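K.L.:
Quick one: the structure is below, and I'll ask about it shortly.
The values are calculated or read from the model by the stated rules, or taken from the named source; none is laboratory data. All of these numbers come straight from a predicted model, not from anything done at the bench. Here the Cβ is made from the backbone with ideal geometry for all residues, glycine too, and neighbour counts use every protein chain on show. SASA here: full protein model, heavy atoms, side chains in, ligands and nucleic acids out. Shrake-Rupley method; radii C 1.70, N 1.55, O 1.52, S 1.80 Å.
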Amino acid sequence: MIKTIVFALIFIAAMVFLYTSLKKVLGLMKVAKAEDRSDNAGARIANVLKIAIGQSKIFRDSAAGPVHAGIFWGFLVFLFSASEGVIQGFYHGFTWGFLGPLYSLITLSTDIFCVVIIIAIVIAFLRRFVFKIERLQGDKSEVLDATIVLGAIFTITVSLLIQNAAHSVLIPGEAWAIRPVSSAIGASIISLSSAGTVYEVCWWIHIITILGFANFLPYSKHFHVYTSIPNVYFGKLGFPNSLETIDFEDESIEKFGVVDIDDLSWKNILDSYSCTHCGRCASVCPANTTGKELSPREIIVQMRERTVDAAAIILKLQDNPEAELTEDEQKVLEKRFVGDYESTTALWQCTTCGACMQECPVSIEHVPVIVGMRRNLVMMESDFPAELQSSFGDLENNATPWSFSQEERADWAEGLEVPTAAEKQDFDVLFWVGCAGSYDDRAKKISMAFSKLLNEAGVNYAILGTEEMCNGDIARRTGNEYLADMLVKTNIETMSAYDVKKIVTICPHCFNTFKNDYPLFGAEYEVIPHSEFLNQLIKEGKLKLKGNGARKVAYHDSCYLGRYNGIFEAPRNTIKSVPGLSILEPGRTGDKGFCCGAGGGQMFMEETEGKRVNIERTEELLATGADTIAANCPFCMTMLTDGVKALDKENIEVKDIAEIILENLDK
C-alpha cells in the first residue's frame, strides 16, 4: 500500500509537470502563422510508416542508421514494458500476459532490444566522445544534453534488463522461453534470496528514470522524441520543391517574407522543435562543406532559440498591445530572428540544392525558410548582394538575368530551321529554351544540338522566340517574389494564347519551375526534361545511334532534376544508349549527388569564403578517371566547365547529354 501511495504521488506529479511543460512549449507555436497541412491523410500516414517508423532516412547514413534505428525500435517495444511497469505501480500483480503468444513475442523482443540498445548506446558514446564525429560536436550545453540523454537511455535499458533478470529468478518456469537474455543474466548473478530486492530496486530506477526522462525532453534538444512523428506526418507530401506564392493584390499584407518567428508558419516552429541536432543537413550542404558560414542546422536551431526567447513576449503583446514590458523583455523584442539570430551573409550562400531536406530524418524544410528570409531582405530591406542588383534590373527590363536585349533571344536559332510559335501555331511541343540556352555562348550549343535532334526525330515543336521571358526561378529563389510574379504571369498569358499543353526544356530549373511552381499560379502543363525526352525518342526508334569508340563518361546529377524531381535513371539510360559509352559514378551520386554551386542565384553571385563549390564537385567527377563529364543543365555546364579550366584539365570534355547524342547520331 505504501509503495502504491508513493508511486501514485510521484506519477501524478510527473504527469502534471509534463502536461504543464508541453502546454507551455507547444503553446508558443501560436505565435506563428496558420498553414493547412491536413490534406491526404492516407499519404501522410504512409510517410510516417516509412520515414518515422521505418527510419528510411536514418538508414541513408550506413554508420549512424543502425545505431539510431536500434534505439528507436527498442523504445517502441519498451512502451509495453513501461506501461506494464506503470500499471504495476497501482496494481502490483498486473502483466500483459493475457495477450498470450503476443505477450511472449513482446517479452522476447524486449530482451533482444535491451542488448541492441546497450550496444547502440556504447557505439553512440564512442562516436561522439572518442571518435569525435564532426557533425556530432557542439557547445558544452549540447554535450551535457547528449550525455544526459544517452545516460538516461542506458539506465532505462539496463534497469529493465536486470529487473527482468530478477523476475526470471523469482518465476523460473516461464522465463527461459520468453526472456532468454535476462534469464541467463539472472541465473548467473542474482540469487533467489536477493531477487525480490533487486527486482524492486530496478523497478523503481526504471520507472523514475522514465518519468524524469519524459519531463527532461521538453527542455532538451531531444524534444524530437515527442515531435518527430507529428513533424513527419505534417511534412510536405513529396519533396518540398515548390515555394508558396504571395498575393500582391491583398492590401492587408504589410510585409513580405520572414523577419521574425511570427512570420513563420506553425510547421516551421514544429520543425525547430523536431531538430535532432544530428548535423546530417550541414554535412551535405555544399556551402557548409566547402568552409562557408551557412549551416542549415544552425538556422533551425536558432529558430527554436528565438521562439523560446521571444514567443511569449510577442503573444503577450498580441493579446494586449498596451501591455507593459520589462526592460529585459524589451531588449528581447528589439532583436529579430534575421540578423540577430541568423546571419544574413549565410543566407546568400545557399544554393537551394535541397540536400539538407533530403537527408533530414524528420522532414524539416530548410530551403523554404531560407527563401522566406531572402524575400524580406530583398522586398522589404533592399539588403542583398550587389551582384544581384544588375540581375534584377536585367530581369525587369530584358526578361533575362543578363544584359542582353529581348530581341536577341532567338538569335541562336538562325539558320537551324527552328520554328517559332507565331510562325507555326499547330505545334505539339513547346521547346522552352530558357535564358542560358538563349544567351550564354556555351549553353547556346546545347539549344542548337537539341533542336537538331528534334528536327531529326520529326518532332512537331516550336519555340516562343522573342516572346519567351525568364521563367522566374532565379527571382523566386533569390527572394524577389514580386519580380517573379510578374514574369510568371506574363509567361502564362503568352502560353495560354498558343494553348500550350506540353513543354520540353533543356534546363532543370525551368523544368522544376513549370512543373511545381506554375500550378500554384493556376497553370499546369506536361513538362519533360530534354534528357528524358531524348530517351523516349531513342526508345521509339526516332533517333538511331552509333558508337564512336569506347569512352568513359562521368555523369553529374542536376539537383533540380534529380533530388528535386526524382529523375535519375532516364538521363543515364540516354547516355547508355550510345554504343561504347560507359558511365562512371562519382562518390556522391544519385539522390546523394553534390551541387555544382549555381542554384539559388549563386550563378550570379561570387563566392568569397571557403573553397568554391564547383571546384569541389569537379574534382570529384575528375577522380572517376572519365574522359568526358556529362551534364543535363546549362548552369551545371558553366560551373563544371569553369572547374575543369581552373584545375587545368581542359583535355577533359564537359558535354550536355544532347551534345553526346548528336555526335553519336547515325544519320
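K.L.:
Hey, D441 hits all of (1) of a type outside the set (G, A, S); (2) open to solvent by 10 Å² or more (accessible area, probe 1.4 Å); (3) in contact (Cβ under 8 Å) with a residue 12 or more places away in the chain but one; which does it fall short on?
P.N.:
D441 satisfies every listed condition except (3).
K.L.:
Could I ask something else about it? Go through (1) touching a residue at least 60 places away in the same chain (Cβ under 8 Å); (2) more than 23 Å from the chain's Cα centre (by Cα) and name the single condition R476 misses.
P.N.:
(2)
K.L.:
Select the helices (runs of 4 or more DSSP H) contained entirely in segment 154-223, then report the ones holding at least 3 residues which are out of contact with any Leu (no Cβ under 8 Å at 6 or more places or on another chain) and either basic (K, R) or modelled with pLDDT under 90 (or both). Explain how you work it out, then say what you get.
P.N.:
On the way: elements: 172-178, 180-189, 192-216.
Correct list: 172-178, 180-189.
For (1) charged (D, E, K, R); (2) part of a helix (DSSP H, G or I); (3) open to solvent by less than 40 Å² (accessible area, probe 1.4 Å); (4) at pLDDT below 95, each residue gets a yes or a no:
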{"position": "D328", "(1), (2), (3), (4)": "yes, yes, no, yes"}
{"position": "C356", "(1), (2), (3), (4)": "no, yes, yes, no"}
{"position": "L377", "(1), (2), (3), (4)": "no, yes, yes, no"}
{"position": "F404", "(1), (2), (3), (4)": "no, no, no, yes"}
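K.L.:
Let me ask another. Quick one: is E254 within 32 Å of the chain's Cα centre (by Cα), open to solvent by 60 Å² or more (accessible area, probe 1.4 Å) and farther than 21 Å from T307 by Cβ?
P.N.:
When the stated conditions are applied, E254 passes them.
K.L.:
Further question: Could you tell me which residue of segment 287-301 is most open to solvent (accessible area, probe 1.4 Å), considering only residues that are part of a helix (DSSP H, G or I) and of a type outside the set (V, I, T)?
P.N.:
Step by step, filter segment 287-301, then rank; the result is E298.
K.L.:
With surrounded by fewer than 23 Cβ atoms within 10 Å (Cβ to Cβ), within 25 Å of I261 (Cβ to Cβ) and small (G, A, S) as the only criterion, which of S382, S390 stands out?
P.N.:
Going through S382, S390 in turn, the sole match is S382.
K.L.:
Find all pairs meeting these conditions: Cβ atoms under 9 angstrom apart; at least six residues apart or on different chains; first residue within segment 399-411 and under 12 Å from C470 (Cα atoms) and β-branched (V, I, T); second residue modelled with pLDDT of 95 or more and outside any helix (DSSP H, G or I).
P.N.:
Short answer, once both residue conditions are applied: T400/R409; T400/M469; T400/C470.
K.L.:
Now, a different point. Here are S109, S56: which of them is open to solvent by less than 60 Å² (accessible area, probe 1.4 Å) and outside any helix (DSSP H, G or I)?
P.N.:
Of the residues listed, the single one that is open to solvent by less than 60 Å² (accessible area, probe 1.4 Å) and outside any helix (DSSP H, G or I) is S56.
K.L.:
Scan T420, T351, T345, T326 and give me the residue that is touching a strand residue (DSSP E or B) at 6+ places or on another chain (Cβ under 8 Å) and of a type in the set (S, T, Y).
P.N.:
Answer to the check: T420.
K.L.:
When E467 is evaluated against the numbered criteria (1) without any contact (Cβ under 8 Å) to a residue 40 or more places away in the chain; (2) at negative phi, which criterion, by number, is the only one it fails?
P.N.:
Among (1) without any contact (Cβ under 8 Å) to a residue 40 or more places away in the chain; (2) at negative phi, E467 violates only (1).
K.L.:
If you don't mind, another one. Filter segment 1-40 down to the residues that are closer than 21 Å to K236 by Cα, assigned to a helix (DSSP H, G or I) and open to solvent by 50 Å² or more (accessible area, probe 1.4 Å) and list them by number.
P.N.:
The answer is L26, K30.
K.L.:
Residues S191, S104: which one is closer than 20 Å to S81 by Cβ and surrounded by fewer than 17 Cβ atoms within 10 Å (Cβ to Cβ)?
P.N.:
Step by step, each of S191, S104 is checked, and only S104 is closer than 20 Å to S81 by Cβ and surrounded by fewer than 17 Cβ atoms within 10 Å (Cβ to Cβ).
K.L.:
Ok, one more. Please enumerate the residues belonging to segment 89-101 that are surrounded by fewer than 18 Cβ atoms within 10 Å (Cβ to Cβ), of a type outside the set (F, W, Y) and touching a residue at least 60 places away in the same chain (Cβ under 8 Å).
P.N.:
H92
K.L.:
Yes or no: A120 in a helix (DSSP H, G or I), in contact with a Phe, Trp or Tyr (Cβ under 8 Å, 6 or more places away or on another chain) and surrounded by 13 or more Cβ atoms within 10 Å (Cβ to Cβ)?
P.N.:
When the stated conditions are applied, A120 does not pass them.
Yes/no per residue for (1) out of contact with any helix residue (DSSP H, G or I) (no Cβ under 6 Å at 6 or more places or on another chain); (2) open to solvent by less than 50 Å² (accessible area, probe 1.4 Å):
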{"site": "S265", "(1), (2)": "yes, yes"}
{"site": "I269", "(1), (2)": "no, yes"}
{"site": "V284", "(1), (2)": "no, yes"}
{"site": "M303", "(1), (2)": "no, yes"}
{"site": "A310", "(1), (2)": "no, yes"}
{"site": "K335", "(1), (2)": "yes, no"}
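K.L.:
Quick check: is even one residue across segment 247-254 under 30 Å from D517 (Cβ atoms) and in contact (Cβ under 8 Å) with a residue 24 or more places away in the chain?
P.N.:
yes
K.L.:
Among the residues of segment 550-589, how many are surrounded by fewer than 22 Cβ atoms within 10 Å (Cβ to Cβ) and within 15 Å of the chain's Cα centre (by Cα)?
P.N.:
Residues meeting the conditions: 2.
K.L.:
Another one. Check whether at least one residue in segment 497-504 is touching a residue at least 12 places away in the same chain (Cβ under 8 Å), open to solvent by 10 Å² or more (accessible area, probe 1.4 Å) and out of contact with any strand residue (DSSP E or B) (no Cβ under 8 Å at 6 or more places or on another chain), and report yes or no.
P.N.:
no
K.L.:
Can you find a residue that is at positive phi, touching a strand residue (DSSP E or B) at 6+ places or on another chain (Cβ under 8 Å) and part of a loop (DSSP other than H, G, I, E, B) anywhere in segment 605-624?
P.N.:
no
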